[in-house]
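S.K.: My structure is below; once you've seen it, I'll send some questions.
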Amino acid sequence: MSWGRYRVAMTDHVRNALVSADDLLAAFDDPSIRIADVRWFLGEPERGHREYQQAHIPGAVFVDLDRDLAAAPGAGRHPLPDPTAFADRMGQLGFGDEHTIVIHDAHSGQYGARLWWMLDRLAHPSVFVLDGGLDAWRDAGGELTAEKTSHLRATLTLLERWPNTIDCEGVTASVGSIDLVDVRASERYTGESEPIEKVAGHIPGARNRPCASMLDADGRMLPPEHLLPLVRGDGARAALPLVLSCGSGVTACFGMLAARVAGLPDPILYAGSYSDWVGRGMPVTVGPDPGGSPAG
């Protein structure tokens, strides 16, 4: 499947990124396509499934972020699950080696990108995020249904270890040698608002690039030339490995998607992110500036 306005030959890093609603509609009868609905709402864990039951893209399977894409809370609110258990669960839901997997949510891919990153990093060869999410599908004339979707169990073969991740100890040990980026909303980064963590603020040294800044007015991903200066650091930071974080390792994956679209090397994920950081009692910084180093 060769899809998407960003799947081009300009660089090896621009692959398996986005598919437009128009392209998905045009290929909708292809039996090799599987659609994953990853609707999720902060502080409302059951809302996504409830809305899925009311109306979803025909054939889409609901994938629960809390239950299917995360282990029990520990190193943050959404630790990565065991890769083998994850592959088995996705197979139970009907996603297999032979499938092109298209992912969407209700937030332009900001939560669905977690599944995209997991599949992509564990070497599934064909996985895309629906650019603009469910709104784009509706805008393109796509139908919705309340009919229950059920697929036969499939076999999904994935790598057995998570690559390109870092933990709290790795972040503190890498002072000055990484470019740490926090993709949460600016009011959470500055500490003005914190709806879920016990301590407001951000990891010292992290700069802020909110997911919303990577989208256009219609909720579609910005083109590569606009994403590049947003995601990549300037000055000395530009030469450092890029590490992305968020609240719990979910929306940081949307930053991973933006980096892929921009043609950058795949960043490193701080999987535990801010929830892991404050859960360990590490120092935080408030305000719009990055502040000191993660070592405090």
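The values are calculated or read from the model by the stated rules, or taken from the named source; none is laboratory data. On a predicted model such as this, the values are computed, not experimentally measured, just so you know. Cβ: placed from backbone, ideal geometry, glycine included. Neighbour counts: every protein chain shown. All accessible areas refer to the heavy atoms of the entire protein, side chains included, with ligands and DNA or RNA removed. Shrake-Rupley method; radii C 1.70, N 1.55, O 1.52, S 1.80 Å.
S.K.: Considering the values [x] 18.3, 55; [y] 18.5, 66; [z] 17.2, 54, which represents Rg and Dmax of the Cα atoms in Å as calculated for the structure under consideration?
M.R.: [x]
S.K.: Let me ask something additional. Towards the positive end of the charge dipole of region 173-296, with charges on Cβ (+1 Lys, Arg; -1 Asp, Glu), say which of N208, A252, S186 has the farthest Cα.
M.R.: Final value for the positive-end residue is A252.
S.K.: What shape does region 4-153 have by the C-alpha gyration tensor, where a ≥ b ≥ c are the square roots of the eigenvalues, rounded means a/c under 1.5, and otherwise prolate means a/b greater than b/c and oblate the rest?
M.R.: Judged from the Cα gyration tensor, region 4-153 comes out rounded (a/c under 1.5).
S.K.: Assign one of three labels to region 60-129, namely rounded, prolate or oblate, based on the Cα gyration tensor with a ≥ b ≥ c the square roots of its eigenvalues; rounded applies when a/c is under 1.5, prolate when it is not and a/b is larger than b/c, and oblate otherwise.
M.R.: oblate
S.K.: Also, quick follow-up: Could you do me a favour and compute the accessible area per residue for the chain, 1.4 Å probe, result in Å²?
M.R.: Heavy-atom SASA per residue in the chain reads 42 Å².
S.K.: Taking the DSSP beta bridges in the chain as the whole, what percent of them are antiparallel, to the nearest 5?
M.R.: Antiparallel: roughly 15 percent of the beta bridges in the chain.
S.K.: Further question: With a 1.4 Å probe and every protein chain kept in, tell me what percent of the accessible surface of region 70-123 is carbon plus sulfur.
M.R.: 52 percent
S.K.: Let me ask something else about it. What value, in deg cm²/dmol to 500, does the helix sum -39500 (n - 2.57) over DSSP H runs of n ≥ 4 give at 222 nm once divided by the residues of the chain?
M.R.: -7000 deg cm²/dmol
S.K.: How big is D for region 83-214, in µm² s⁻¹ as a whole number, if Stokes-Einstein is applied with the Kirkwood radius of its Cα pairs at 25 °C and 0.890 mPa s?
M.R.: My calculation gives 139 µm²/s for D.
S.K.: Taking the alpha-carbon centroid of each part, what is the distance from region 16-60 to region 183-210 in angstrom?
M.R.: 29 Å
S.K.: Rg(Cα) of region 199-296 divided by 2.2 N^0.38 Å?
M.R.: Compared with the compact-globule rule of thumb, region 199-296 sits at 1.08.
S.K.: Applying a 10 Å radius around every beta-carbon, put 182-194, 47-59, 146-158 in order of their mean neighbour count, most first.
M.R.: Order by mean packing, descending: 182-194, 47-59, 146-158.
S.K.: Compute the Cα gyration tensor for region 97-162, then decide on rounded, prolate or oblate, letting a ≥ b ≥ c be the square roots of its eigenvalues: rounded whenever a/c is under 1.5, prolate when a/b is larger than b/c in the other cases, and oblate in all that remain.
M.R.: Note, shape of region 97-162 comes out oblate.
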